[in-house]
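The values are calculated or read from the model by the stated rules, or taken from the named source; none is laboratory data. Because the structure is predicted, anything quoted here is derived from the model rather than measured. We place every Cβ from the backbone using ideal geometry, glycine too, and count neighbours over all the protein chains shown. These accessible areas exclude ligands, DNA and RNA; they are computed on the full protein's heavy atoms, side chains included. Shrake-Rupley method; radii C 1.70, N 1.55, O 1.52, S 1.80 Å.
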Amino acid sequence: MENKSKELKVAIKAALEAGKILEKYFETKILKEFKEDKSIVTLADRESEEIIKKIILENFPDHSILGEETGMTANGSEYVWHIDPIDGTRNFANGIPLFAASVALAYRNDVIVGVVYNPATHSLFYAEKGKGTYFNDERIFVSKDDKDHAIVTVSPGRLDIEKQLLIELYHDLPKVIRSVRNLGCTAIELAYVARGGLEAYINLGLNTYDFAAGVLLAQEAGGKITNLDGSPWKFPENHFIASNGVFHDLLVEEVKKQKAKLGMN
């Protein structure tokens with residue numbers, strides 16, 4: 001991309017520096033700790049978030065930052081960075097190379113910069129609002145494949161009912177879609193939608209730092225994002241369908257069907 005903004009350049013630098021930390025610890029006997037919600041945190045998460053925040057605040061000291069490990073650093077700004085130092089920590093901690101540093105900037109709840117970097121594969125995805133999506137500096141677009149050739153991924157939320165919806169979708173979606181999976185890394189899954197490696201991704205209730213960068217990648221690559229019921233989606237709503245748009249309506253109907261079965265509004 002030509003004429004990258006300062007914000008995008010800083011986001012890329014932060015993600016790449018975090019990636020160096022993740023490379024250092026990947027496939028080592030890193031100590032795992034478990035949070036109250038049973039998710040994993042490692043020393044790499046903490047060091048990665050620290051370097052990302054340091055780089056951002058050196059360049060934008062007045063901006064606010066929401067990080068997975070340290071919560072909100074509030075500076076009263078309408079610019080808020082949403083950062084996940086390792087999206088896919090469970091994959092990372094178990095030596096599975098599907099994880100990423102995710103860095104996004106939102107202005108008045110509108111994501112304007114998004115960067116996702118997987119150091120295990122040296123895959124750098126980035127986007128700036130209105131300027132397209134890039135993978136290792138080449139512009140990318142969503143695929144044109146239909147449901148008969150599609151791979152769709154689904155990420156579970158935190159609530160029991162959201163997890164039950166995930167189970168129902170895994171049971172019934174393969175009846176109408178070629179393949180349904182969960183890669184365990186929302187940022188990468190949305191990046192793959194943008195690159196055309198996946199045809200759709202369904203989010204059932206994660207945190208903004210999990211998907212902020214990825215949704216911009218998908219949108220700027222020509223993807224379609226709606227709420228689960230097909231209505232217009234707006235950040236930071238965390239129940240949505242992101243797809244290449246080819247069979248989006250079918251996905252909406254399938255989700256509606258499963259929600260009705262479970263008595264969800």
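Which ones in region 169-178 are open to solvent by less than 70 Å² (accessible area, probe 1.4 Å) and assigned to a loop (DSSP other than H, G, I, E, B)?
Once the filter is applied, which keeps residues that are open to solvent by less than 70 Å² (accessible area, probe 1.4 Å) and assigned to a loop (DSSP other than H, G, I, E, B), region 169-178 yields VAL176, ILE177.
Given the conditions (1) open to solvent by 40 Å² or more (accessible area, probe 1.4 Å); (2) part of a helix (DSSP H, G or I), which single one is not true for ARG158?
Of (1) open to solvent by 40 Å² or more (accessible area, probe 1.4 Å); (2) part of a helix (DSSP H, G or I), only one is false for ARG158: (2).
On the basis of being at positive phi and in contact (Cβ under 8 Å) with a residue 40 or more places away in the chain, does ASP172 make the cut?
no
Considering region 92-133 alone, what residues qualify as being outside any strand (DSSP E or B), within 19 Å of GLU47 (Cβ to Cβ) and open to solvent by less than 10 Å² (accessible area, probe 1.4 Å)?
PHE92, PHE99, PRO119, listed by residue number.
Here's the yes/no breakdown for (1) open to solvent by 50 Å² or more (accessible area, probe 1.4 Å); (2) in a strand (DSSP E or B); (3) among the hydrophobic types (A, V, I, L, M, F, W, C):
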position	(1), (2), (3)
ASP145	yes, no, no
VAL152	no, yes, yes
ILE167	yes, no, yes
VAL180	no, yes, yes
GLY184	no, no, no
ILE188	no, no, yes
ALA191	no, no, yes
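Residues of region 230-265 being at pLDDT 95 or above, more than 20 Å from TYR170 (Cβ to Cβ) and open to solvent by 50 Å² or more (accessible area, probe 1.4 Å), which ones?
The answer is PRO232, LYS234, PRO236, GLU237, VAL246, ASP249.
Does region 139-162 contain any residue that is touching a Lys or Arg at 6+ places or on another chain (Cβ under 9 Å) and either within 27 Å of LEU57 (Cβ to Cβ) or free of Cβ contacts under 8 Å to residues at least 24 places away in the same chain (or both)?
no
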